[in-house]
Amino acid sequence: MTHGRPIFKGLRWYREQYFSFLIPVDWHRFSWQDNRQGVLFGPSTEDTHTVFAVDVTDLGFSVLADDLDDLFEGFLTGIQQLPGVEIEHNKEQVVGALIILEAKYTFMEDEITRKRWVRVLYDETRQIAFTAQGATPDAYHYWLPMFFEAMMTARVHSTTPTDVYS
């Protein structure tokens, strides 16, 4: 990995029925190995641990703002189960009907420290988790400008958007 910051070669909208976001044009698309709904993108086919991932789960029931405290408690409890976890930041919020849970943390996996930024959005009956992860904290920080673009442009919706700004 080089020092400095990655060079933007361009961004494109990636759209599926329940989510969309901007992703670098030169990142590679992967599928989940366990066939879950969603997508993974990474800057390299060699590094499958540095990714921007989306995981969609239909819960089968509507999630409401009144559920925020329980959802946030479960979210943090799940993160705290990871080996060697250190949570740097977490927050929860409700924006209209959308519930958002967020955390940034490091954890151990196969004796390697990884860094992750997760935003989980609840829309209607769906839980949509957007995850930016670096194979190492250095990889995370190097790719953070790209992760930031994808994470902060992420949208949830019920039908695949046709316009460029959805």
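The values are calculated or read from the model by the stated rules, or taken from the named source; none is laboratory data. All of these numbers come straight from a predicted model, not from anything done at the bench. Glycine gets a Cβ as well: all are built from the backbone with ideal geometry, and neighbour counts include every protein chain shown.
Looking at Phe72, Phe52, which is the one that is modelled with pLDDT of 95 or more, crowded, with 17+ Cβ neighbours inside 10 Å and farther than 20 Å from Phe21 by Cα?
Working: Phe52 fails: farther than 20 Å from Phe21 by Cα.
Criteria check complete, one pass: Phe72.
What residue, among those in the range 123-141 that are part of a strand (DSSP E or B) and of a type in the set (A, V, I, L, M, F, W, C), is nearest to Phe75 (Cα to Cα)? Explain how you work it out, then say what you get.
At the first step, the residues of the range 123-141 found to be part of a strand (DSSP E or B) are 123, 126-134.
Within this subset, residues satisfying the condition of being of a type in the set (A, V, I, L, M, F, W, C) are 128-130, 132.
On the way: Ile128: 13, Ala129: 11, Phe130: 13, Ala132: 16 Å.
In this case the residue turns out to be Ala129.
Quick one: is Trp13 closer than 22 Å to Asp123 by Cβ, surrounded by 11 or more Cβ atoms within 10 Å (Cβ to Cβ) and not polar (S, T, N, Q)?
Values: closer than 22 Å to Asp123 by Cβ: yes; surrounded by 11 or more Cβ atoms within 10 Å (Cβ to Cβ): yes; not polar (S, T, N, Q): yes.
When the stated conditions are applied, Trp13 passes them.
Given (1) assigned to a strand (DSSP E or B); (2) under 22 Å from Val85 (Cβ atoms); (3) within 12 Å of the chain's Cα centre (by Cα), where does Met108 come up short, assuming only one miss?
(3)
How many residues, within the range 126-145, are over 21 Å from Ser20 (Cα atoms) and surrounded by fewer than 17 Cβ atoms within 10 Å (Cβ to Cβ)?
The number of residues fulfilling the criteria is 3.
Criterion first (under 13 Å from the mean Cα position of the chain (by Cα), touching a residue at least 12 places away in the same chain (Cβ under 8 Å) and more than 23 Å from Val156 (Cα to Cα)) does Lys115 satisfy it? I'd like the intermediate steps shown before the answer.
Numbers: under 13 Å from the mean Cα position of the chain (by Cα): yes; touching a residue at least 12 places away in the same chain (Cβ under 8 Å): yes; more than 23 Å from Val156 (Cα to Cα): yes.
Judged against the criteria, Lys115 is a match.
Strands (runs of 3 or more DSSP E) wholly in the range 30-103 with at least 2 residues that are β-branched (Val, Ile, Thr) - which ones?
On the way: elements: 37-42, 51-58, 86-95.
In the range 30-103, the matching strands (runs of 3 or more DSSP E) lie at 51-58, 86-95.
Here is a check on your reading of the model: is Lys115 among the basic types (Lys, Arg), surrounded by 12 or more Cβ atoms within 10 Å (Cβ to Cβ) and either touching a helix residue (DSSP H, G or I) at 6+ places or on another chain (Cβ under 6 Å) or in a helix (DSSP H, G or I) (or both)? Explain how you work it out, then say what you get.
Working: among the basic types (Lys, Arg): yes; surrounded by 12 or more Cβ atoms within 10 Å (Cβ to Cβ): yes; either touching a helix residue (DSSP H, G or I) at 6+ places or on another chain (Cβ under 6 Å) or in a helix (DSSP H, G or I) (or both): yes.
It is true that Lys115 is among the basic types (Lys, Arg), surrounded by 12 or more Cβ atoms within 10 Å (Cβ to Cβ) and either touching a helix residue (DSSP H, G or I) at 6+ places or on another chain (Cβ under 6 Å) or in a helix (DSSP H, G or I) (or both).
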